[in-house]
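Notes to accompany the following structure.
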């Protein structure tokens, strides 16, 4: 059976048109998959995570960790609250010396969704160690 060239071209055109119409334009997704997402209203604070540096369930910290905001929206601050924390990832049975990362929002005038990047510096027996956290942040007035 012979297929005419016109029929073949028509079928190809319909296929290409269907493929092009089937794919819609997508907006950029600002959310980083796997990063924690938090929402803060004006003046609120939230504990984000526990910070510690352990080996064999013993803390290697010489002093409490330090935190700095590397990138983020204006009016958002990160601080540390020194505390005894439980290293759950390492399945330790007892709490060790560490801190809790706290994110605070100042006055929020417009709702926004952005990313907050913080760097935590650990002064350990092994030397200075740095770790970066990216947090998806929703600010609500």
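All of the numbers you see were taken from the coordinates with simple rules; none came from a lab. Note that the structure is a prediction, hence the values are computed from the model and not measured. Cβ atoms come from the backbone with ideal geometry, glycine included; neighbour counts cover every protein chain shown.
Rank the residues 59, 112 as a footprinting-exposure proxy: fewest other Cβ atoms within 10 Å of their Cβ go first.
Values: 59 19, 112 12.
With the sparsest Cβ surroundings first, the list reads 112, 59.
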For residue 41 and residue 129, extending 7 Å from Cα along the Cα-Cβ vector and measuring point to point gives, in nm, a value of 3.9 nm
Quickly work out the residue 100-to-residue 70 label distance, labels modelled 7 Å from Cα along the C-beta direction, and quote it in nm with one decimal.
2.5 nm
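I need the per residue convex hull volume for the stretch 54-115, using only the alpha carbons, in cubic angstrom as a whole number. Could the numbers behind the result be given before it?
On the way: hull volume 6.9 nm³, N = 62.
Spread over its residues, the Cα hull of the stretch 54-115 gives 112 Å³ apiece.
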Rg(Cα) / (2.2 N^0.38 Å) computed for the stretch 35-140, rounded to two decimals
1.14
Full-stretch length increase - residue 109, residue 82 - with 0.36 nm per residue and alpha-carbon distance subtracted
6.6 nm
